[in-house]
1. DSSP beta bridges in the chain, what fraction antiparallel, as a percent rounded to 5?
2. What Kirkwood hydrodynamic radius, in Å, does segment 1-135 give when the mean of 1/r is taken over all pairs of distinct Cα atoms and then inverted?
3. About the Cα centre of segment 92-238, what is the dipole size in debye to 20, counting +1 per Lys and Arg Cβ and -1 per Asp and Glu Cβ, all else neutral?
4. Can you check what the Kirkwood hydrodynamic radius comes to for segment 163-210, Cα pairs only, in Å to one decimal?
5. How big is the gap, in Å, between the Cα center of segment 180-254 and the Cα center of segment 67-115?
6. Per-residue counts of other Cβ atoms within 10 Å, averaged by peptide: what ranking do you get for 175-181, 272-278, highest first?
7. Note down the relative contact order for the chain as a percent, whole number, built from C-alpha pairs under 8 angstrom at least six residues apart.
8. I need the phi-derived Karplus couplings for segment 41-55: 6.51 cos²θ - 1.76 cosθ + 1.60, θ = phi - 60°, integer Hz, Gly and Pro marked x.
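The values are calculated or read from the model by the stated rules, or taken from the named source; none is laboratory data. Not measured: the values here are computed from a predicted model. FYI the Cβ positions are ideal-geometry reconstructions off the backbone, even for glycines, and counts take in every protein chain you see. Quick note on the areas: whole protein, heavy atoms, side chains included, nothing else; ligands and nucleic acids left out. Shrake-Rupley method; radii C 1.70, N 1.55, O 1.52, S 1.80 Å.
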Amino acid sequence: MAERKVRVRFAPSPTGPLHIGGVRTALYNYLFAKQHGGDFIFRIEDTDSTRFVPGAEDYIIESFKWLGIKFDEGVSFGGNHGPYRQSERRDIYRKYVKVLLDADKAYIAFDTPEELDAKRAEIENFQYDAQTRGMMRNSLTMSKEDVDALIAAGTPYVVRFKIEPGRDVVVNDIIRGEVTINSSILDDKVLYKSADDLPTYHLANIVDDHLMEVTHVIRGEEWLPSAPLHVLLYEAFGWADTMPRFAHLALLLKPIGNGKLSKRDGDKLGFPVFPLEWHDPKSGAISSGYREKGYLPEAVINFLALLGWNPGNDQELMSLDEMVQLFDLSKCSKNGAKFDYVKAAWFNHQYLLKQEDAEWAPAFDKVLKAEGIEATAEQEAEVVRMMKLKVIEYVDGLGNKKKRNISFASDLWPLTKFFFVAPTEFDREDKFIKKNWKETTADEMRQMLSVIEGIADFTVEGQKAVIDPWAEQTGIKPWNAWRVALVGAGQGPDMYELAAFLGKDEVIKRMTFAIETLG
Ligand code: GLU
């Protein structure tokens, strides 16, 4: 058989916001497709109308846009295998339901929900299958005339898959190896419901994967139990030769304790489980998102990629392109990965530090706006420049080289507040203040104040030209006390730069306040 072009798909059901585990599934599909020069398809599986949530589809598309994961075809992307929304493919499914019926691989069943409940009450562990289908109301037990008459009268029915019992069904999984189950434990799954003229997930999924020429099905472990049924469906259609290879990914697990990662874990421990903020259209409840929390998309992609896979060495920081090179589907873990939200913040820190000054500006602007600060673009750029150079890696007032641990743009506020808001109090227990504001300090600052009042050119150079010689002459080392007055703590950029940024009036105001308050 000729090598087929690799084609994979991400096929969410629009039942709410996209879970972060779903994002990882999509990412692995993307990496696999790109590394094989293949296609990545975006399909919407919306055949369960009772679970449809308005806005979910747009949310999912926007999420991937933000994350930089690109699809080659699918809903909103176009392509030759459409439509890509299952609710728009009814004609196609109807045709394939008929194929199975005509081949005697499926049958029509009229049992009402009440009748099924009664059977469940009557027979322990009742399952609709080869053993029980002979006692039910279906096209296998009824005459053709009765069946036709019921259909003609508009009686609701379903089409069920006729599973032959006693067969070993082998699912050949790239991650898990051969998984074998006996067909006798499977029930005759409903494939189609006349009530809404829609197929169920199983039928639509298989028909679409076949028609869209999907070669690999990479999806969450929760779909593994459906895989034997899917293998049987491919066979029933005569598509076994082109059946996709399966790869079922291990679950993302709770950071603490056992079990699957849930939204509740995120709420409890304070991290998002959705890529973007989600506004529930029914309840109005808002769930936090990575984007709004201040994560960079590159950081989210990087830490997600490593939950269930690693490149085999200890490299942690990788671009999407590097991941495409290094990714190995067969090396994905069979065991669930604990969701390490602390590590997620570490990744964001790494990516924030990699950014150029200009890239910080929009995020910083948002932080200031949120604090009610009105600043010009020039002022913001100036602070960003000073911060990058002097604050993130800075020398503190005690002469120690330090690094600020910034994980999110919002962490910048406590570090930059003094640029925009004057100190209103001084912590006398603060080490830096204690060490640098002594009995003689107020007097020295008063002297410095009168020198400053006389400076006409308040640029960095202008100040330097006056203050440096004054310090030299008097032997006063004003820098740390000056920092106490302007910043209120042992942090911040070069003092001349800070003073130039604040302007002469503000500098005088802050110094006067410090002299009065600290004495
Ligand atoms: N619609 C399924 C989901 O919501 C797709 C499962 C699959 O990939 O086959 O995840």
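1. Values: 23 of 40 bridges.
Within the chain, antiparallel bridges account for around 60 percent of the total.
2. Numbers: mean 1/r = 0.0554 Å⁻¹.
One decimal place: 18.1 Å for the Kirkwood radius.
3. On the way: 16 positive and 26 negative charges, 48 e Å.
Once rounded to the nearest 20, the dipole reads 240 debye.
4. Numbers: mean 1/r = 0.0786 Å⁻¹.
Its Kirkwood hydrodynamic radius stands at 12.7 Å.
5. 12
6. On the way: 175-181: 14.1, 272-278: 22.9.
Output ranking for 175-181, 272-278: 272-278, 175-181.
7. Numbers: 759 pairs, mean separation 59.9, N = 519.
It comes to 12 percent, rounded to a whole number.
8. 10, 10, 10, 9, 9, 10, 8, 9, 5, 6, 9, 5, 10, x, x
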